[in-house]
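Step one of this worksheet: look at the structure below.
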Amino acid sequence: MRYWRKPLDADEIEVPRGDIHIVESQCKGCGFCVEYCPRDVLELASGYNLKGYHPAVVVNEAECVNCQLCEIICPEFSIFVRLKNNQPVCATDIDLRKGVDIIES
Amino acid sequence: MNEAAHPMESILRMDRMPHIWCPGCGIGTVVTAFAMALQQAGIPLDKIAVVSGIGCSGRVAGYIKLDSFHTTHGRAIPFATGLKLANPELTVVVISGDGDLIAIGGNHFIHAARRNVDIKVFCINNFNYAMTGGQLGPTTPEPAITTTSPYGAFENPFNLPFLAEGSGAVYVARWTALHIRRLTKSMTEALLKKGFSFVEIIAPCPTLYSRRNRLGDGLDELRHYHDKSVIKHGADTRELDISYRDKIVMGKFVDRERPTFVEALDKRFTEVFGKKYEPYGKVAT
Ligand code: SF4
Ligand code: SF4
Ligand code: SF4
């Protein structure tokens with residue numbers, strides 16, 4: 001990530017990382033998640049799923065910051081992201097999805 | 001990788017997936033926004049009822065794991081009104097399309113707003129009657145091509161926020177299926193607002209509307225929203241017409257207080273009958 005000026009606490013902040021789940025059989029290959037993922041984590045597969053669509057696939061999981069935009073823009077409820085296991089939760093994660101239990105142990 | 005449960009599993013009927021909506025249709029995204037709004041509003045799920053009419057958007061009720069009703073064409077609002085009056089402690093939400101709510105159910109819409117019945121109406125506007133084959137509707141902009149306007153629409157479409165405000169709605173907002181977080185916030189506010197609350201959601205219909213007008217797929221439509229949308233909170237609703245492929249003004253336009261239908265009823269009857277009158281339903285609505 002590029003900063004206009006390096007935040008003073010940049011070394012202390014742990015960037016949240018996401019664990020991406022794709023329900024391949026449910027995906028209709030609309031490409032919404034691919035287009036709007038801010039970190040270019042996703043792509044459409046060249047192969048087909050059972051229904052004949054090119055499903056979304058993860059190509060760059062290490063870049064995922066758990067923003068969950070892919071999850072909320074997906075019209076098929078076929079992609080969702082959880083905070084990577086054992087990562088401490090920072091306040092922004094909770095704010096993103098108030099009232100939703102986003103942490104899995 | 002798929003062993004974890006989907007976060008919306010408590011609200012959606014995941015056993016019914018994949019749903020019937022076409023690839024790139026915006027309705028599913030609106031459902032996600034609604035599910036998040038329910039969670040943010042913090043209303044107990046057994047105190048919420050969802051009512052839909054007929055059409056692609058009318059199928060929403062069937063995918064929501066709450067008390068939900070799929071009513072006849074255009075009659076979601078009267079059904080919801082009855083539900084609210086019979087059980088005032090429920091939060092009653094109508095989710096349906098523009099054809100259902102504004103054309104066939106148009107009369108119900110204006111009168112429920114006029115009386116300020118305490119229901120929440122979320123209208124998914126895809127500019128045509130989708131499920132029946134892509135016919136011209138009262139929101140189709142000039143000169144869009146539909147099955148029944150092969151030479152281009154020439155009627156003046158409704159401006160829904162203006163219609164809602166003019167009829168008496170106390171909360172009026174408009175977003176697109178791309179502006180999910182803002183849409184979710186508006187839906188949350190509407191859910192918690194007392195009185196007739198209305199949110200219009202512009203959503204892609206790639207299969208019929210976009211295809212007939214050669215506008216590409218759902219993603220192209222989201223890109224169009226991205227390029228053409230302008231956020232203008234508190235805008236004058238008279239200026240919110242959507243012209244074909246032109247800018248879409250979005251935001252929260254109206255947030256005001258008016259006595260609800262039941263409050264007005266209680267007030268009038270108390271004036272006339274005094275102590276003999278027992279206020280309606282006990283629970284304030
Ligand atoms: S959570 Fe955000 S960063 Fe991760 S894949 Fe989804 S959209 Fe991309
Ligand atoms: S948004 Fe959903 S349906 Fe569309 S490509 Fe991504 S995972 Fe598939
Ligand atoms: S016909 Fe249009 S509105 Fe209906 S499901 Fe398909 S894309 Fe969506």
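The values are calculated or read from the model by the stated rules, or taken from the named source; none is laboratory data. Note that this is a predicted model, so its numbers are computed, not measured. Positions of Cβ are backbone-derived with ideal geometry, glycine not excepted, and every protein chain shown enters the neighbour counts. Accessible surface areas use protein heavy atoms only, side chains included; no ligands, DNA or RNA. Shrake-Rupley method; radii C 1.70, N 1.55, O 1.52, S 1.80 Å.
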Only helices counted: for chain B, with every DSSP H run of 4 or more residues adding -39500 (n - 2.57) and the sum spread over all residues, [θ] at 222 nm is -9000 deg cm²/dmol
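Roll a 1.4 Å probe over the protein chains and send me the accessible area per residue for the range B:14-258 in Å².
Working: 9040 Å² over 245 residues.
Heavy-atom accessible area per residue stands at 37 Å².
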In degrees rounded to 10, the 0-90 angle between helix B:218-228 Cα long axis and the longest Cα principal axis of chain B is 70 degrees
Comparing B:T29, B:T81, B:T148 in a Gaussian network model of chain B (Cα, 10 Å), the one with the largest mean-square fluctuation is B:T148
Restricted to the protein assembly as shown, the DSSP antiparallel beta bridge percent, nearest 5, is 35 percent
Dividing the surface of the Cα convex hull of the range A:18-93 by four yields a projected area in nm² of 4.9 nm²
Relative to chain B, whose Cα atoms define the longest principal axis, helix B:76-86 and its Cα axis are tilted in degrees, nearest 10, by 20 degrees
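Highest mean first, what order results for A:55-61, B:175-181, B:103-109 on Cβ atoms within 10 Å?
Working: A:55-61: 18.1, B:175-181: 23.0, B:103-109: 21.3.
Highest-to-lowest ranking by the protection proxy: B:175-181, B:103-109, A:55-61.
Need one value for B:15-28: mean number of C-beta atoms belonging to other chains within 10 Å of its residues' C-beta atoms.
On the way: counts 0, 0, 6, 10, 5, 0, 3, 3, 10, 6, 4, 4, 1, 9.
Mean number of neighbouring Cβ atoms from other chains: 4.
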With bins of 5 Å, the percent of all Cα-Cα pairs of the range B:136-285 per bin from 0 is 2, 9, 15, 17, 15, 12, 9, 6, 5, 4, 3, 2, 0, 0
Comparing B:R174, B:R258, B:R268 in a Gaussian network model of chain B (Cα, 10 Å), the one with the largest mean-square fluctuation is B:R268
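Going by average Cβ neighbours within 10 Å, how do the peptides B:200-207, A:38-45, B:33-40 rank, with the highest at the top? Can you show the working numbers first?
Working: B:200-207: 27.4, A:38-45: 16.5, B:33-40: 24.2.
Descending mean neighbour count gives B:200-207, B:33-40, A:38-45.
Using DSSP, restrict attention to beta bridges with both residues in chain B and report what percent are antiparallel, rounded to the nearest 5.
On the way: 7 of 36 bridges.
Bridges in chain B are about 20 percent antiparallel.
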Rounded to the nearest Å, the spacing of the alpha-carbon centers of the range B:174-221 and the range B:80-156 is 13 Å
Checking B:F253, B:F154, B:F79 against a Gaussian network model of chain B (alpha-carbon springs below 10 Å), the top fluctuating residue turns out to be B:F154
In degrees, nearest 10, the alpha-carbon axis of helix B:27-41 is tilted away from the dominant principal axis of the alpha carbons of chain B by 30 degrees
iface A-B | buried accessible area, total | probe 1.4 Å | Å², round 100 | 2800 Å²
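Note down the net charge around B:I77, summing +1 for each Lys or Arg and -1 for each Asp or Glu among other residues with Cβ under 13 Å from its Cβ. Provide the component values of the computation, followed by the final result.
Values: positive: B:R75, B:K84, B:R114, B:R115, B:K120; negative: B:D100, B:D118.
Residues close to B:I77 contribute a combined charge of +3.
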Summed over the other residues with a beta carbon less than 12 angstrom from that of B:A264, with K and R at +1 and D and E at -1, the charge totals +1
Partner shielding of A:29-36, taken as the mean number of other chain Cβ atoms within 10 Å, equals 5
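Could you tell me what fraction of 2.2 N^0.38 Å the Cα radius of gyration of chain B comes to, as a two-decimal ratio?
Values: Rg = 18.8 Å, N = 285, 2.2 N^0.38 = 18.8 Å.
Rg over 2.2 N^0.38 Å, computed on Cα atoms: 1.00.
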With every protein chain in place, the residues of the range B:185-221 shedding 40 Å² or more of accessible area versus the chain by itself (probe 1.4 Å) are B:L219
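How many percent of the alpha carbon pairs in the protein assembly as shown exceed a separation of 33 Å? Each step should come with its number before you reach the end.
Working: 25070 of 75855 pairs.
Summing the P(r) tail past 33 Å for the protein assembly as shown gives 33 percent.
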